[in-house]
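Colleague: Input: one structure, supplied below.
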Amino acid sequence: MEHLETIISHYADFEYDGVHYGSVIDQWDVVNEVVHVTEMIEVIDGEDVEAVEAPVLAEWYERADEVAPDDVSTDVNDYNTLAGPYEYAREPYERQIEFLRAEGTGLDGSGMQCHFNEDEQLAPEEIWEGLERYAQHGVDLRITEFDLDGDEWAWEDRAAFFYEFLKTIFSHPSVTDFVMWGFWNNDNPNWDPEPPLFHEDWTPTPCYDVYVDLVFDEWWTDGSGTTGTDGTFEVDAFLGEHEITASMEDETTTETVSVTDADGVTEIVVELSTDGGGEECAADEIDIAGEYCAADTTGDGLYNDLNGDGVTTTNDVVTFFENVENPAITTNAEYFDFDGNGQVSINDVIELFGEM
């Protein structure tokens, strides 16, 4: 019980390497892999207990729900609960979800580890059946630890399965998250030597093209236009967070907003400041959305210091990613074209990360 409080208090006010991040946890997998790892529960409640319906399991989740901030979801998570399919894991996992919900523990989400190989591929209808099975208990569904393993599994075939899998989970209303078990084959890999997106030399796999085409094109709302005389502009948008930039004469402002109403209209008011925005940038710097003064600190003509703090870190990569379609960057493409193809895109963000 004390350990539960230690964990959540640590991540609710997180600091690393001198940088204070505040709360950094959205979903909390309170007790991992209960279907498969039963020893601790058996020590407390006896070897005859059914681990997925053990009294102490409910106590742990009740306590976690009490100590977690209101915006943190408490989850369960286990493997072979979608891939396979394996009924030996699906049946007790469903009972675990049902039990914790019935006990009033505040369980919010169900994570399904998705370690797929060539022999465990699922057709879209099989994926859907598994999702429906858990969704009926009123929890959000998370795809966790996704990877595609197997030396004999051709990359083109992996990409074809990846495409069907992403399309299927994206279409299910209860699926809220997709988390990979690593994405780059580096020198210190996770258990899978070939994660989905990048080979060791950062060469993209065929799965990379599937991911980028879906996430950053088909499912990415990219609209622009001029307001009418009443000051309004309308666009059809996917649910989720969106960055909106509004400009008038020399005034520009950017805001991050959430679209949450699937059946109606989300009205967003963007106000332009009257004082010209943020800090004044030097002549050899570029103002990023009135927040940052991007600069070239290496002398190669590329603005590697996007947040203007004098060094190049992952914070610059994040700033670049968040502003890759910002007019301040797209109209100054020659200064942010890190891959040298004459335009600015997500590939330039990846290139900056690689150079860093």
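Colleague: Go through segment 125-152 residue by residue and tally those that are assigned to a helix (DSSP H, G or I) and in contact with a strand residue (DSSP E or B) (Cβ under 7 Å, 6 or more places away or on another chain).
Modeller: Within segment 125-152, the first condition is being assigned to a helix (DSSP H, G or I), and the residues that meet it are 125-135.
From what is left, the residues that are in contact with a strand residue (DSSP E or B) (Cβ under 7 Å, 6 or more places away or on another chain) are 131, 134-135.
Matching residues across segment 125-152 total 3.
Colleague: Quick check on Val24: is it under 16 Å from Asn77 (Cα atoms) and without any contact (Cβ under 8 Å) to a residue 24 or more places away in the chain? Spell out how you get there, then give the answer.
Modeller: Values: under 16 Å from Asn77 (Cα atoms): no; without any contact (Cβ under 8 Å) to a residue 24 or more places away in the chain: yes.
So Val24 fails the test.
Colleague: Answer yes or no: is there a residue in segment 136-145 that is closer than 20 Å to Thr205 by Cβ and surrounded by 14 or more Cβ atoms within 10 Å (Cβ to Cβ).
Modeller: Initially, segment 136-145 is screened for residues closer than 20 Å to Thr205 by Cβ, giving 143, 145.
Applying the additional criterion that residues be surrounded by 14 or more Cβ atoms within 10 Å (Cβ to Cβ) yields 143, 145.
Among the residues of segment 136-145, at least one is closer than 20 Å to Thr205 by Cβ and surrounded by 14 or more Cβ atoms within 10 Å (Cβ to Cβ), which makes the answer yes.
Colleague: Residues of segment 75-97 being in a helix (DSSP H, G or I), over 29 Å from Glu5 (Cβ atoms) and of a type outside the set (Asp, Glu), which ones? Full working, then the answer.
Modeller: Quick first cut of segment 75-97, residues in a helix (DSSP H, G or I) only: 87-97.
Within this subset, residues satisfying the condition of being over 29 Å from Glu5 (Cβ atoms) are 87-91, 94.
Answer for segment 75-97, where residues must be in a helix (DSSP H, G or I), over 29 Å from Glu5 (Cβ atoms) and of a type outside the set (Asp, Glu): Tyr88, Ala89, Arg90.
Colleague: Can you say whether Arg142 is in contact (Cβ under 8 Å) with a residue 60 or more places away in the chain and more than 24 Å from Val349 (Cβ to Cβ), as far as the supplied structure shows? It would help to see each step written out before you state the result.
Modeller: On the way: in contact (Cβ under 8 Å) with a residue 60 or more places away in the chain: yes; more than 24 Å from Val349 (Cβ to Cβ): yes.
When the stated conditions are applied, Arg142 passes them.
Colleague: Something else now. Are there any pairs with C-beta distances below 8 angstrom linking a residue in segment 167-188 that is among the acidic types (Asp, Glu) to a residue that is assigned to a loop (DSSP other than H, G, I, E, B), with the two at least 6 apart or on different chains, and if so which?
Modeller: Short answer, once both residue conditions are applied: Asp187/Glu200.
Colleague: Ok, one more. Looking only at residues that are of a type in the set (Asp, Glu) and out of contact with any strand residue (DSSP E or B) (no Cβ under 7 Å at 6 or more places or on another chain) in segment 101-124, which one is nearest to Pro69 (Cα to Cα)? Walk me through how you get there before you give the answer.
Modeller: As a first pass, look at segment 101-124 and keep what is of a type in the set (Asp, Glu): 103, 108, 118-120.
Still in the running and out of contact with any strand residue (DSSP E or B) (no Cβ under 7 Å at 6 or more places or on another chain): 103, 118-120.
Values: Glu103: 20, Glu118: 40, Asp119: 41, Glu120: 37 Å.
That would be Glu103.
Colleague: Across segment 220-232, what is the total count of residues that are open to solvent by less than 100 Å² (accessible area, probe 1.4 Å) and either on the phi > 0 side of the Ramachandran plot or not hydroxyl-bearing (Ser, Thr, Tyr) (or both)? I'd like the intermediate steps shown before the answer.
Modeller: Of the residues in segment 220-232, the ones open to solvent by less than 100 Å² (accessible area, probe 1.4 Å) are 220-221, 223, 225, 227-228, 231-232.
Filter once more, so that each one left must be either on the phi > 0 side of the Ramachandran plot or not hydroxyl-bearing (Ser, Thr, Tyr) (or both): 220, 223, 225, 228, 231.
Count: 5.
Colleague: I'm checking my understanding of the structure. Among residues of segment 238-271 that are over 30 Å from Asp177 (Cβ atoms) and open to solvent by 50 Å² or more (accessible area, probe 1.4 Å), which one is modelled with the highest pLDDT?
Modeller: Ser247
Colleague: Out of all the residues in segment 204-216, is one or more modelled with pLDDT under 90 and open to solvent by 80 Å² or more (accessible area, probe 1.4 Å)? Let's see the steps before the verdict.
Modeller: Step one: of segment 204-216, the residues modelled with pLDDT under 90 are none.
Checked against the condition, which is being modelled with pLDDT under 90 and open to solvent by 80 Å² or more (accessible area, probe 1.4 Å), segment 204-216 yields no hits at all.
Colleague: Sort out which residues of segment 128-175 are under 30 Å from Gly106 (Cα atoms), touching a Phe, Trp or Tyr at 6+ places or on another chain (Cβ under 9 Å) and small (Gly, Ala, Ser), and write them in order of number.
Modeller: Passing the criteria: Ser171, Ser174.
Colleague: Residue by residue through segment 106-124, note down the ones that are acidic (Asp, Glu) and in a helix (DSSP H, G or I). Spell out how you get there, then give the answer.
Modeller: Residues of segment 106-124 that are acidic (Asp, Glu), as a first pass: 108, 118-120.
Glu118, Asp119, Glu120, listed by residue number.
Colleague: Being open to solvent by less than 30 Å² (accessible area, probe 1.4 Å), part of a helix (DSSP H, G or I) and not hydrophobic (A, V, I, L, M, F, W, C) is the filter here, so list the residues in segment 309-348 that pass it.
Modeller: Passing the criteria: Asp316, Thr319, Asp348.
Colleague: Now, a different point. Across segment 82-130, which residue is surrounded by the fewest Cβ atoms within 10 Å (Cβ to Cβ) among those that are aromatic (Phe, Trp, Tyr) and either at pLDDT below 95 or within 25 Å of Asp157 (Cα to Cα) (or both)?
Modeller: Of everything passing the filter in segment 82-130, Tyr86 is surrounded by the fewest Cβ atoms within 10 Å (Cβ to Cβ).
Colleague: Right, here's the next one. Spot the failing condition for Gly299; the list is (1) modelled with pLDDT of 90 or more; (2) within 25 Å of Val212 (Cα to Cα); (3) open to solvent by 60 Å² or more (accessible area, probe 1.4 Å), and only one is missed.
Modeller: (2)
The values are calculated or read from the model by the stated rules, or taken from the named source; none is laboratory data. Quantities reported herein were computed from a predicted structural model and do not represent experimental measurements. Here Cβ is always computed from backbone atoms with ideal geometry, including for glycine, and neighbour counts include all displayed protein chains. Side chains are part of the model used for accessible areas, which takes the heavy atoms of the whole protein and leaves out ligands, DNA and RNA. Shrake-Rupley method; radii C 1.70, N 1.55, O 1.52, S 1.80 Å.
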